[in-house]
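The values are calculated or read from the model by the stated rules, or taken from the named source; none is laboratory data. Quick caveat: nothing in here was measured; it's all calculated off a predicted structure. Every residue, glycine among them, receives a Cβ derived from its backbone with ideal geometry; neighbour counts consider all protein chains shown. Heavy atoms of the whole protein, side chains included, go into the accessibility calculation; ligands, DNA and RNA do not. Shrake-Rupley method; radii C 1.70, N 1.55, O 1.52, S 1.80 Å.
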Amino acid sequence: MSTERTDHQLMAAIAQGNKAPEAAEAAFQELVERHQREVYGTIVKMIGDYHEAEDLAQRVFLRVYRAAPRYRPEAQFTTWLYTILRRLVFNESERRARTRERIVEELPREDGDGPEREKPDLHHKDPSAQLVERERWETIDAAIRALPETQRLALILKIHQDLSYEEIAQILKTSVSATKSILFRAREHLKQTLGEFLREEK
């Protein structure tokens, strides 16, 4: 019989931080370890910046910790978690958008500086194949990041996190039918953007 605590149980323990701080800290650590990969991965795909995604992921969990006393298990924990993520990422995107064009113009474009974006399936390929594969992923990632934010998040939650339409609708604060429409438009945009690229891949 499994003794693993549910997300709701962990949140209840975290909420008792003033009375049992050690137990609350242990519960919080367990919750972070359980969800940090998905949270971080979603943010990376949203903003395309690995270092910024790490900072935002930490901020997501900090908000989870602070909100624990007010948390009510009325829906799945992951739905509530991704709602926090959505708000934080959208707010950060709005802040960054105000200076994005100027920053992009000032940064060197092809100097080769900065960390390599890791792709696990490249390790055993020759350099030319690695380059082709890296360019392929960068093209796809760029197309996803070019989507409107709501479409981008809905697509990531559906494809990469395998959430249901109902769960995504709750996170986006919209209806299921509207969510399906958002996803349809996202896929159509990608089809148009990547159409020529995908044809060249064949």
How many nm is it between the label spots at residue 188 and residue 71, if each spot is 7 Å from the Cα in line with the beta carbon?
3.9
Roll a 1.4 Å probe over the protein chains and send me the accessible area per residue for the range 1-56 in Å².
61
³J(HN,Hα) computed for each position of the range 67-82 - Karplus, 6.51 cos²θ - 1.76 cosθ + 1.60, integer Hz, glycine/proline x
8, 3, x, 9, 5, 10, x, 8, 9, 4, 4, 5, 5, 5, 4, 6
List, in order, the whole-Hz ³J(HN,Hα) value for each residue of the range 164-177 obtained from phi through the Karplus relation with A = 6.51, B = -1.76, C = 1.60 and θ = phi - 60°; use x for Gly and Pro.
6, 4, 5, 5, 5, 4, 5, 5, 7, 6, 9, 8, 5, 5
Residue-ordered couplings for the range 47-53, obtained by feeding phi - 60° into the Karplus form 6.51 cos²θ - 1.76 cosθ + 1.60 and rounding to whole Hz (Gly and Pro as x), are 10, x, 10, 5, 5, 5, 5
Tally Lys and Arg at +1 and Asp and Glu at -1 over the other residues with C-beta under 14 Å from the C-beta of residue 33: what net charge comes out?
-2
Using only protein heavy atoms and a 1.4 Å probe, report how much of residue 94 is accessible, in Å² to the nearest 10.
110
